[in-house]
C-alpha cells in the first residue's frame, strides 16, 4: 500500500517538476512541437497541424488546417516534429495574435491563420498551479506514510511519536496500541 | 560478546540507513539539477520563432520528389501579402504561380480575373499558347488556387503532374499528351544584328515616347502607342528563345529557332501597349514581324513542318457532377 502511494506521489509530483522546469525553459528557449496529419477527400488533401508552442511564460495549443492538391502517388509527409527558437513571445511569433481575446494571460484565437484555425494560450502559472493542486493531496498522504514508517522503525508511537520502547502493549501518552491497534476508535493523526 | 556485537551492528545499521537516505536525497537533487540544466540552459537556439513564415513555407513548397502542387483557398496571411493588397479588385483572391528555384520560391505570375486551364498549362509547362491545342471548351475550364512549380523538372514530368492534379481538382478525365503533327510554323533564321531604323526613331521622337537604349527592339505594328512616356512594364530583357516566345504569344504563330551564331546573350524588347490592348486578329502579325526584321536583321519565313504539339483532351464524361470549382 505504502509502495503504491509512493508511486502515485511520484506520478503526481512529476507534472509539477516538469511544468516548473518548462516554465523556466520558456524564457530560455521557445519550443514548437507539432503533429501533422492529412487525409484525402474528393481529390484534395485535407491537412491539419496540431501543435504546442511554449514561449516566455505562455503555452499555446494550436490547430491549423490547409488544403492542397498533389500528384497521385505523392502523399504528404505526416508525423511529429520539434523545432527550437530563441525565446519569442507568442504575440510576436503568431500571425494575427492581436485578433484574439482573453483575460489574465488566457487568450483564444480563431481564424488566425486561415478559416478554421484555432489557438488557445494558457499561462504557465496556471499549468503549474493545476499541477500543485493535483499533487498536494498525494504529498500529504505520502508524508503521513513516511512519518508512520519512521516512528515504527525507531520504536516511537505511530500515533503521537512518544518513545514506547520501554512501554508495554500500549502507548502511555495516547493509549494507542504499540502493535498498531487502538482499543477504541481510529488512531489519532500522527501530525 | 554477542550482545555487544549486536548493539554495534544495530548502530551500524542505523548509521548506514541514514547514510543511504542521505545519498538518495543527494542523488535525487543531482539528477534534478542535471535535468533542470539540460532542459533549461543547455540549448541555445539562435533564430526567432516566425511561425507565420514557417507555416507559409511548409505549404508553399515542394517535397523532394514533388514537381507541382496546387493550393486552393483559403489562403495564408503571407500569401495575401505576396498577392499584393491594393492590386486588383479588393475582393479578388486571384491566382498566383510560385516557382521553386535554388534558394526558395518566388512569385512569377499573378492573375486577378480568375484562373482557367489555359493559364495553368501555360504557367506550369512554360509553353506559349500556339504550342498547345485544346479540345472543345477545355481551355476555359476554371480553377482556383496557386501553383508551385519546380522549374528544373523536365517538361514531360511537369505535364504528368499537371494532368494528375487537374483530374483531382476539376473532377474531369483531362489528359495532356505530346504528339508529332504537321503544322504551319515561322522559321526564324539569319544572324542577330541590330540596325538603326530611321522611321522608328522618327516615330519615337514625334510621339515623345521617351529615351530608349539602342539595343531595345520595338514590337509594334502600324502605329506606335499614342500614349506619351514609357511604361516600364512593357520593357523586358531575356534570352533569344524568350524573345521568340513573346513573338509566339503575340502573333499566335509557332516559331522555330534557327538563328545562326553568334547569338545574343541578352535581348531587350519593348512591347507596344497597343498590342496588349488590341485583341489578336485585329492587327497584322506579318507587319509586326516585318518591323522586327528591319531592326534585328532576322528573317521570318512561314512553312509547314512536323513538330511536337501538346494536346489537352478529355478522355471521358465527368467523374464528378459539377466538376470545376
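The values are calculated or read from the model by the stated rules, or taken from the named source; none is laboratory data. Nothing here was measured: the structure is a model prediction, and the numbers come from that model. All Cβ positions, glycine included, derive from the backbone under ideal geometry; neighbour counts span all protein chains shown.
Side notes on the structure shown:
- One residue stands out among those in region A:91-108 that are on the phi < 0 side of the Ramachandran plot, in a loop (DSSP other than H, G, I, E, B) and surrounded by 13 or more Cβ atoms within 10 Å (Cβ to Cβ): the one that is nearest to the other protein chains (Cβ to nearest Cβ), which is A:95.
- Taking the numbered list (1) at pLDDT 80 or above; (2) surrounded by 12 or more Cβ atoms within 10 Å (Cβ to Cβ) in turn, residue B:260 passes all entries but (2).
- Flag for residue A:11 being surrounded by 15 or more Cβ atoms within 10 Å (Cβ to Cβ) and modelled with pLDDT under 90: no
- Of the residues screened, residue B:52 is one that is at pLDDT 85 or above and part of a helix (DSSP H, G or I).
- Filtered residues of region B:58-78 (kept if farther than 17 Å from residue B:164 by Cβ, touching a strand residue (DSSP E or B) at 6+ places or on another chain (Cβ under 6 Å) and more than 7 Å from chain A (Cβ to nearest Cβ)): B:60
- Out of B:165, B:148, sole residue that is at pLDDT 90 or above and part of a strand (DSSP E or B): B:148
- From A:59, A:22, residue being at the interface with chain B (Cβ under 9 Å from one of its Cβ atoms), closer than 16 Å to residue A:86 by Cα and in contact (Cβ under 8 Å) with a residue 24 or more places away in the chain: A:22
- Of the numbered criteria (1) in contact (Cβ under 8 Å) with a residue 40 or more places away in the chain; (2) surrounded by 13 or more Cβ atoms within 10 Å (Cβ to Cβ); (3) outside any strand (DSSP E or B), the one residue B:203 fails is (1).
- Taken together, the criteria exclude residue B:160 from residues that are more than 9 Å from chain A (Cβ to nearest Cβ), part of a helix (DSSP H, G or I) and more than 17 Å from residue B:119 (Cβ to Cβ).
- Residue A:25 vs. criteria over 17 Å from the mean Cα position of the chain (by Cα), modelled with pLDDT of 90 or more and over 30 Å from residue B:124 (Cβ atoms): no
- For residue B:42, the conditions (1) in a loop (DSSP other than H, G, I, E, B); (2) at pLDDT 80 or above all hold with the exception of (2).
- Selected residue (only one of B:10, B:82 is modelled with pLDDT under 85, in a helix (DSSP H, G or I) and over 28 Å from residue A:63 (Cα atoms)): B:10
- Strands (runs of 3 or more DSSP E) completely within region B:229-307 that count 1 or more residues being over 21 Å from residue B:184 (Cβ atoms) and within 27 Å of the chain's Cα centre (by Cα): B:235-238, B:267-271
- Matching residues, region B:43-57, being surrounded by 11 or more Cβ atoms within 10 Å (Cβ to Cβ) and more than 7 Å from chain A (Cβ to nearest Cβ): B:53, B:54, B:56, B:57
- All conditions but one from (1) under 30 Å from residue B:235 (Cβ atoms); (2) more than 11 Å from chain A (Cβ to nearest Cβ); (3) not in a strand (DSSP E or B) apply to residue B:187; the one that does not is (3).
- Unique match (being surrounded by fewer than 15 Cβ atoms within 10 Å (Cβ to Cβ) and facing chain B (nearest Cβ under 9 Å)) among A:42, A:51: A:42
- Taken together, the residues in region A:145-157 that are in a helix (DSSP H, G or I) and out of contact with any helix residue (DSSP H, G or I) (no Cβ under 9 Å at 6 or more places or on another chain) amount to 4.
- Pick from region A:66-90, criterion more than 7 Å from every other protein chain (Cβ to nearest Cβ) and part of a loop (DSSP other than H, G, I, E, B), ranking: surrounded by the most Cβ atoms within 10 Å (Cβ to Cβ): A:87
- Residues of region A:119-131 satisfying the condition of being more than 14 Å from every other protein chain (Cβ to nearest Cβ) and within 25 Å of residue A:48 (Cα to Cα): A:120, A:122, A:123
- In region B:106-133, the residue that is surrounded by the most Cβ atoms within 10 Å (Cβ to Cβ) out of those that are modelled with pLDDT under 85 and within 21 Å of residue B:166 (Cβ to Cβ) is B:115.
- Residues (surrounded by fewer than 16 Cβ atoms within 10 Å (Cβ to Cβ) and in contact with a helix residue (DSSP H, G or I) (Cβ under 9 Å, 6 or more places away or on another chain)) located in region B:267-283: B:276, B:280
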